[in-house]
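The values are calculated or read from the model by the stated rules, or taken from the named source; none is laboratory data. Just so it is clear, the model here is predicted, and its values are computed rather than measured. Positions of Cβ are generated from backbone atoms using ideal geometry, with glycine treated the same way; all protein chains shown enter the neighbour counts.
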Amino acid sequence: MKSILQKIFWPILKVFETTEEPANYKPSHRVILNIVGSLFVLLSLGSAAAALNSDQLGALVPVVVFFCIGFVSLLVGALGSDSAVAKIWGNK
C-alpha cells in the first residue's frame, strides 16, 4: 500500500527527495513532522469553521494554506524517505 501511495504522490515527494545521505536525520524528526502536520490540518479545520461563520470568501485563504502545509508534512512524514525528512528539517 505504501508503494502505491508513493507512486500516486510522487510529484510532491520528489521535491523533497535527495540522493545524498542525510547527516542530521533522527527518527524523532519524522514523529514530530507527523505531529506538526496533524496540527496544521486541525488548524485548517478550525479556520474552515470560522470561515463558514464569517461568510467571507477571503477567509478561505488560511484554510487552503494551513491544509496544504499540513498535508505535505503528513505526506513526507508518512511516505518520504529519511533524506526527504532531513531536507524539511534542513541539512547542516
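Hey, among the residues in the range 19-46 that are among the small types (Gly, Ala, Ser) and more than 11 Å from the chain's Cα centre (by Cα), which one's modelled with the lowest pLDDT?
23
Filter the range 24-38 down to the residues that are hydroxyl-bearing (Ser, Thr, Tyr) and out of contact with any Asp or Glu (no Cβ under 8 Å at 6 or more places or on another chain), then identify the one that is nearest to residue 85 (Cα to Cα).
28
Could you please let me know if residue 52 is part of a helix (DSSP H, G or I) and either among the aromatic types (Phe, Trp, Tyr) or within 17 Å of the chain's Cα centre (by Cα) (or both)?
Numbers: part of a helix (DSSP H, G or I): yes; either among the aromatic types (Phe, Trp, Tyr) or within 17 Å of the chain's Cα centre (by Cα) (or both): no.
It is false that residue 52 is part of a helix (DSSP H, G or I) and either among the aromatic types (Phe, Trp, Tyr) or within 17 Å of the chain's Cα centre (by Cα) (or both).
Within the range 4-56, take every residue that is within 19 Å of residue 67 (Cβ to Cβ) and of a type in the set (Ser, Thr, Tyr) and give me the one that is surrounded by the most Cβ atoms within 10 Å (Cβ to Cβ).
Out of the qualifying residues, it is 44.
Contact list please: Cβ distance under 7 Å, first residue in the range 40-64 and within 20 Å of residue 77 (Cα to Cα), second residue in a helix (DSSP H, G or I) and β-branched (Val, Ile, Thr), pairs at least six apart or on different chains.
Once the first residue is within 20 Å of residue 77 (Cα to Cα) and sits in the range 40-64, its partners that are in a helix (DSSP H, G or I) and β-branched (Val, Ile, Thr) give 40/69; 44/63.
Scan (1) at pLDDT below 90; (2) exposed (fewer than 14 other Cβ atoms within 10 Å of the Cβ); (3) out of contact with any helix residue (DSSP H, G or I) (no Cβ under 7 Å at 6 or more places or on another chain) for the single condition residue 81 breaks and write down its number.
(2)
Pick from 16, 9: which is at pLDDT 90 or above and not aliphatic (A, V, I, L, M)?
Values: 16 fails: at pLDDT 90 or above.
Residue meeting the stated conditions: 9.
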